[in-house]
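Note sheet for the following structure.
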Amino acid sequence: MPEFATPPISPFAIQFDAEAATLTPEGPTLTRRMSALDGLFKDHDAWQQAVADGDPVVYSVQSTPVPEVDRELPQSITSIEAGTTAGEFWMTKGHQHPNHQGEIYLALHGTGGLLMFDGTETQWIDMVPGTIGYIPPGWAHRSVNVGADPYKFLAVYPGGAGHDYGWVLEHGMGKRAYAVTDGFELREF
Ligand code: 6PG
Ligand code: NI
């Protein structure tokens, strides 16, 4: 099953290796390079320079074959590389689920943060291995790697929730995470 399965799918086992941060069998893997994060870092010139300087992979998302369709419950593991762009920690694009539904993240490796924004209020959850971050319906969410190693987490979400990336471009995420001497600091968007 190299890609998403076609419903109805039969019950099946997924081998979860928390140490290696893998899910088997594998579904599609999505790789996002710096160029895919247009308009998301505060310093646009620094972002453009990073794209010109080799367009590094910022994160990848490995899914299982469970399809993103209504009533199914897909899972994926996201791995965010360590890095900063003009001091801002590398992160996922972030999105809102247009069909508002909850989601959970389980941190597996590294040191991260789960940034959430409902259009008014911002919330941040420190994510270390073993932390489950709960994303309530209606909260846009972005993951940030605030450490020196890759930050990896498992996500489980309703297949019919959809992904709205335009929402974050329009409304922002409320705060940004910047590197400081002793870790990170959240600053106004
Ligand atoms: C989801 C999850 C999660 C997320 C990835 C990549 O709804 O599917 O929130 O799997 O998609 O961590 O983040 P972006 O989707 O924001 O690029
Ligand atoms: Ni999500």
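The values are calculated or read from the model by the stated rules, or taken from the named source; none is laboratory data. Note that the structure is predicted; figures quoted are calculated from it, not measured. Neighbour counts run over all protein chains shown; Cβ positions are idealised from the backbone, glycine included. What goes into the accessible areas is simple: the full protein's heavy atoms, side chains included, and nothing from ligands, DNA or RNA. Shrake-Rupley method; radii C 1.70, N 1.55, O 1.52, S 1.80 Å.
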Kindly indicate whether Q101 is open to solvent by 20 Å² or more (accessible area, probe 1.4 Å), polar (S, T, N, Q), more than 29 Å from Q49 (Cβ to Cβ) and in a strand (DSSP E or B).
no
Considering (1) assigned to a loop (DSSP other than H, G, I, E, B); (2) touching a Leu at 6+ places or on another chain (Cβ under 8 Å); (3) of a type in the set (S, T, N, Q), say which one Q123 fails and leave the rest.
(1)
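If only one of S35, S60 is open to solvent by 30 Å² or more (accessible area, probe 1.4 Å) and without any contact (Cβ under 8 Å) to a residue 24 or more places away in the chain, which one is it?
Matching residue, one of S35, S60: S35.
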Do we find that E81 is closer than 16 Å to V144 by Cα and touching a residue at least 60 places away in the same chain (Cβ under 8 Å) in this structure?
yes
In the range 104-120, what residues are surrounded by fewer than 17 Cβ atoms within 10 Å (Cβ to Cβ) and farther than 20 Å from T22 by Cα?
D118, G119, T120
How about the range 128-145: which of its residues are open to solvent by 20 Å² or more (accessible area, probe 1.4 Å) and more than 16 Å from ligand 2 (Cβ to nearest atom)?
V128, P129, G130, T131
